[in-house]
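The structure appears right after this line, and notes come after that.
The values are calculated or read from the model by the stated rules, or taken from the named source; none is laboratory data. It should be emphasised that the depicted structure is a prediction, and the values quoted were computed from it without experimental measurement. All Cβ positions, even for glycine, are placed from backbone atoms using ideal geometry, and neighbour counts span all protein chains on display.
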Amino acid sequence: MDDAFIKLFRSLAPFNDTEIAEASTCFDTELVRKDEYFCKAGRICDKMGFVRSGLLRSFYTINGKETTTFFQTPGSVATALASFLRRKPALENIQAMEDSELVVISRENLLRLYNDNWKWQQVGRSFIEEYYINMELRMISLQSQSALERYKKFLKEYPELIQTVPLYYIASYLGMSPETLSRMRKTIYD
């Protein structure tokens, strides 16, 4: 476990060096190559990853149409949360858009940490709360903001993705067609 993750965990709970060292055996580093899946729809997602580098995309497919739900950038958590918590097949996919490195913990190891030390329960609660808040804010944005407002918010939150992510994924994330996004971008930049 590297210094950035130790610092993150210590910001969420008062861990000492021994507790961090003991827990470090529960985490692995996983490289997910571009186009590979970290989690696949229809399979149980039994791991949670903290993105160290790279870029992943969460999406689901209904009637052959993909809908992007999240982009996981460095510092983000990647998991199919409902599958991870309930041990049911995932509804969404998490796919690397570029080579990505994640610090990963299995569900089994996370539960073991929860049982061994209350501080890990506090860390887990913090991550779940953050995940829920992000989902709620996204839902509110899709239901209450105009397409232009959602696009401007995306530009502010993810300026680096405009150059690296195909526009049809961004359009899907924003809840609009690629044609609508293209027209909107044209009016903004003309």
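Computed quantities for the displayed model
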quantity: Filter result for the condition that a residue is within 16 Å of the chain's Cα centre (by Cα), more than 30 Å from Arg87 (Cα to Cα) and exposed (fewer than 12 other Cβ atoms within 10 Å of the Cβ), over Glu136, Glu157, Glu129, Glu179; calculated: Glu157
quantity: Condition met for Arg52 (of a type in the set (D, E, K, R), surrounded by 14 or more Cβ atoms within 10 Å (Cβ to Cβ) and in contact with a Cys (Cβ under 8 Å, 6 or more places away or on another chain)); calculated: no
quantity: Candidates Ala78, Ala82, Ala23, filtered to the one that is in contact with a helix residue (DSSP H, G or I) (Cβ under 7 Å, 6 or more places away or on another chain) and assigned by TED's automatic domain parsing to the domain that holds Leu102; calculated: Ala23
quantity: Spans of strands (runs of 3 or more DSSP E) in the stretch 14-116 with at least 3 residues hydrophobic (A, V, I, L, M, F, W, C); calculated: 27-32, 47-62, 93-106
quantity: Residue that is nearest to the chain's Cα centre (by Cα), among those in the stretch 26-49 that are surrounded by 13 or more Cβ atoms within 10 Å (Cβ to Cβ) and among the β-branched types (Val, Ile, Thr); calculated: Val32
